[in-house]
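Below: one structure, written as structure tokens.
The values are calculated or read from the model by the stated rules, or taken from the named source; none is laboratory data. As the structure is a prediction and not an experimental result, all values here were calculated from the model. Don't worry about glycine lacking a Cβ; one is built from the backbone with ideal geometry, like all the others, and counts go over all protein chains shown.
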Amino acid sequence: MTTAAAPLTAAEKAHSRGPRQNVMSRAAAMLVMGVFTLYFLTPIWWLLVTSTKTGSEITGTAPLWFTPNSISTFFTNLTGLFQYQDGLFVKWLVNSALYAGAGALLGTIIAAMCGYALAKYEFKGREAIFNVVLSGVLVPATALALPLFLIFSEVNLTNTYWAVFLPSLVSPFGVYLARIYAAASVPGELLEAARLDGSGEVRTFFTVSTRLMAPALVTIFLFQFVAIWNNFFLPLIMLRDQALFPVTLGLYAWNSQISQIPELRTYVIIGALVSIVPLIIAFLGLQRFWSSGLGAGSVK
Amino acid sequence: MATVDQAQTPPRAAEKSPRTPHTGRSTRRAVTVFVAPFAVLFLLFYAAPIIYAMIQSLLMVERQGTFGAPQQVFGGFTQYALVFQDEAFWASVGRVLLFGVVQVPVMLGMALLFALLLDSPLLKGKRFFRLAFFAPYAVPGVIAAIMWGFLYSPSLSPFGAVTSEINFLDGSLVLWAIANIVTWVYVGYNMLIIYASLLAIPTEIYEAARLDGASNTQIAWRIKIPLVTPAIILTAVFSIIGTLQLLAEPQTLRSFSSAISSTYTPNLAVYTTASIPNYNLAAAFSVVLALATFILSFVFLKATQRKVSQ
């Protein structure tokens, strides 16, 4: 049993000791959740099923069930997708992984250091910096897309990797979360002890404090990863060269060409499926970290 | 908030390890190392764009005669006058406000209901429901819009019986078709935030309430909901910000529906104006939008905080 799941089961046990529940309200609760499970999963199921069909089968066969040669059609579609326009889709996947993976990793370290300093040290301008960070949380990233484009075109950096990568590193919400987590999970006495042992402040942060903040760091990483992976306006406005597109922008571009090139529909559908798989894997794999870290943002 | 003042390090410490004098200087250096990377990036990619957009929004393009070269000159509030006269822009603002007034409460109401059910003793298979409801959050807005675009379309939808009768993509319904996509993606995420804060409530409180004869419904209304209000406020602020920024879903649905104009939401108006290209006016739109978002979420935060603390 993981540590994150432990409080849940404890809570459940405590509940079940309560008075006996009316059978009707149990049934009603299960019914509500069952109906909404269909609502949430049917579109994804449809996507999975449709990606195993040829272009003509999409309309001609039962929409929510497989055809007899589903498996072979799926692999035909998948090979077609990866080979179309010299493997453009693979390039998009790699781009997204770079923008979101490297961006979130660096961004998390940067946000964690800043939030940690705000929580654990007293220095001049600390409150001012924190207030600026908080205002940054309330200014949405998309409102900055056009001004960023204007600035990057001044220095001739639009239509480059950097134009999407660099702005994605900044996460004021990450700093906010890191400050809360650092204040709650890194005891001051421990830092004192590290100082007595002669460890430098920066070294203490990377060897001791980051371990204590690990669940928080995973949470910050995941949400920044999703934010960059899903970001649409910034790449839309910055990038012209298809080879630099992240996967969302690429699929958007293909989708808007379907009326001229109908065979793209199959690739858009299977491409959509392939593009959500990494995120689902990341969330399932790191579940025990983020599910314990999620609530802390609202503590204050 | 617990903080450690490095300057207050006991003198003993310095005596024990003379190698590392714990002066203010080493602290200051550490703080600089920690804060500088974020500060630099924030200045370059957050503050500078806002200032630059403000400057751009105060400029205008002037031509010497009909065929003269265009030249940027100071235009004062010319662009802002244009913004305030721009009916399409204000129609788009009205549209997202209407969207937000309906969609945000519906979505958060659903999220709260699901979180309370997950936290109640009524359900079996909580782990499954938690994951199933959260799964759409892994679907980017563009992809969700493509998926639902197919599901809505009269010819391709698996629910053809419904979509051939009701056209979700025509002018009167498409706003709510978008609302459904946004709801579908974000309910589970908001549910988990509220659920996580429900789990943080000590169970002794419930046991005490039960001893006093409180029913599950009473516990939910009187204890759980008030205690998770900060989480609900957090989700509300992010939903309000998200609503004003709507772009990916409507822009993607444009290839499924002709009812979505090129200025359907404020951000679409920014994008369309920038593609003309009329950067000065687009910059003014951006400034107005960023300011409006900031004020709205700030006012909402302050208003609800006062209510909670009372």
* Is it the case that some residue within the stretch B:142-158 is in a helix (DSSP H, G or I), of a type in the set (Val, Ile, Thr) and more than 23 Å from the chain's Cα centre (by Cα)? -> no
* To do: Being modelled with pLDDT under 90, among the hydrophobic types (A, V, I, L, M, F, W, C) and in a helix (DSSP H, G or I) is the filter here, so list the residues in the stretch A:257-295 that pass it.
  => A:Leu264, A:Val277, A:Leu279, A:Ile280, A:Ile281, A:Ala282, A:Phe283, A:Leu284, A:Phe289, A:Trp290, A:Leu294
* **Subset of the stretch A:239-256 (residues that are crowded, with 20+ Cβ neighbours inside 10 Å and not in a helix (DSSP H, G or I))** => A:Leu239, A:Phe245, A:Pro246
* **Filter result for B:Leu246 (within 10 Å of chain A (Cβ to nearest Cβ) and either within 25 Å of A:Pro140 (Cα to Cα) or touching a residue at least 12 places away in the same chain (Cβ under 8 Å) (or both))** => yes
* Might you check whether a residue that is among the polar types (S, T, N, Q), away from chain A (no Cβ under 14 Å) and farther than 30 Å from B:Thr229 by Cα occurs anywhere in the stretch B:148-157? => no
* Structure fact -> Sole miss for A:Ala145 among (1) more than 20 Å from the chain's Cα centre (by Cα); (2) buried (at least 21 other Cβ atoms within 10 Å of the Cβ); (3) within 27 Å of B:Leu234 (Cα to Cα) is condition (1)
* Within the stretch B:29-49, considering residues that are surrounded by fewer than 20 Cβ atoms within 10 Å (Cβ to Cβ) and within 7 Å of chain A (Cβ to nearest Cβ), the one farthest from A:Gly174 (Cα to Cα) -> B:Ala48
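Would you point out the residue of the stretch B:215-231, among those that are among the β-branched types (Val, Ile, Thr) and either free of Cβ contacts under 8 Å to residues at least 24 places away in the same chain or surrounded by fewer than 21 Cβ atoms within 10 Å (Cβ to Cβ) (or both), that is nearest to B:Thr293 (Cα to Cα)?
This residue is B:Thr229.
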* Can you tell which of A:Ala214, A:Ala194 is more than 11 Å from A:Gly115 (Cβ to Cβ) and crowded, with 16+ Cβ neighbours inside 10 Å? -> A:Ala194
* When B:Ala231 is evaluated against the numbered criteria (1) more than 9 Å from every other protein chain (Cβ to nearest Cβ); (2) under 30 Å from A:Leu138 (Cβ atoms), which criterion, by number, is the only one it fails? -> (1)
* Asked: Among (1) part of a loop (DSSP other than H, G, I, E, B); (2) touching a Gly at 6+ places or on another chain (Cβ under 9 Å), where does A:Phe223 come up short?
  -> (1)
* Check whether at least one residue in the stretch A:257-269 is within 9 Å of another protein chain (Cβ to nearest Cβ), among the acidic types (Asp, Glu) and surrounded by fewer than 20 Cβ atoms within 10 Å (Cβ to Cβ), and report yes or no. => no
* Identify the single condition in (1) among the aliphatic types (A, V, I, L, M); (2) surrounded by fewer than 21 Cβ atoms within 10 Å (Cβ to Cβ); (3) in a helix (DSSP H, G or I); (4) under 29 Å from the mean Cα position of the chain (by Cα) that B:Val162 does not satisfy, given that it satisfies every other one. => (4)
* For the stretch A:46-72, what are the residues that are buried (at least 19 other Cβ atoms within 10 Å of the Cβ) and over 19 Å from B:Gly160 (Cα atoms)? -> A:Thr52
* To do: State the number of residues belonging to the stretch B:71-94 that are without any contact (Cβ under 8 Å) to a residue 24 or more places away in the chain, in a strand (DSSP E or B) and within 16 Å of B:Asn278 (Cβ to Cβ).
  => 2
* **Of residues in the stretch B:73-92 being among the hydrophobic types (A, V, I, L, M, F, W, C) and crowded, with 17+ Cβ neighbours inside 10 Å, the one nearest to B:Tyr264 (Cα to Cα)** => B:Phe89
* Out of all the residues in the stretch B:97-110, is one or more within 14 Å of chain A (Cβ to nearest Cβ) and farther than 22 Å from B:Thr265 by Cβ? -> yes
* Asked: Quick one: what pairs do we get from the stretch B:193-212, first residue over 16 Å from B:Pro121 (Cα atoms) and touching a residue at least 12 places away in the same chain (Cβ under 8 Å), second in a helix (DSSP H, G or I) and hydroxyl-bearing (Ser, Thr, Tyr), C-beta under 6 Å, 6+ apart or different chains?
  -> B:Ile193/B:Thr235; B:Ser197/A:Ser298
* Structure fact -> The condition from (1) at pLDDT 90 or above; (2) more than 9 Å from chain B (Cβ to nearest Cβ); (3) more than 26 Å from A:Asn77 (Cα to Cα); (4) part of a helix (DSSP H, G or I) that A:Leu236 misses is numbered (2)
* Taking the stretch A:274-283 on its own, how many of its residues are under 9 Å from B:Ile143 (Cα atoms) and either more than 7 Å from chain B (Cβ to nearest Cβ) or hydrophobic (A, V, I, L, M, F, W, C) (or both)? -> 1
* To do: Would you tally the residues in the stretch A:114-128 being without any contact (Cβ under 8 Å) to a residue 60 or more places away in the chain, within 7 Å of another protein chain (Cβ to nearest Cβ) and either acidic (Asp, Glu) or under 25 Å from A:Leu234 (Cβ atoms) (or both)?
  => 1
* Residues of the stretch A:183-207 being under 17 Å from B:Val33 (Cα atoms), more than 8 Å from chain B (Cβ to nearest Cβ) and part of a helix (DSSP H, G or I), which ones? -> A:Arg203, A:Thr204, A:Phe206, A:Thr207
* **Some residue of the stretch A:81-93 being away from chain B (no Cβ under 14 Å), among the hydroxyl-bearing types (Ser, Thr, Tyr), part of a helix (DSSP H, G or I) and more than 28 Å from B:Val40 (Cβ to Cβ)** => no
* Among the residues of the stretch B:196-208, which ones are within 8 Å of chain A (Cβ to nearest Cβ) and either over 17 Å from B:Ala111 (Cβ atoms) or in a helix (DSSP H, G or I) (or both)? -> B:Ala196, B:Ser197, B:Leu199, B:Thr203, B:Tyr206, B:Glu207
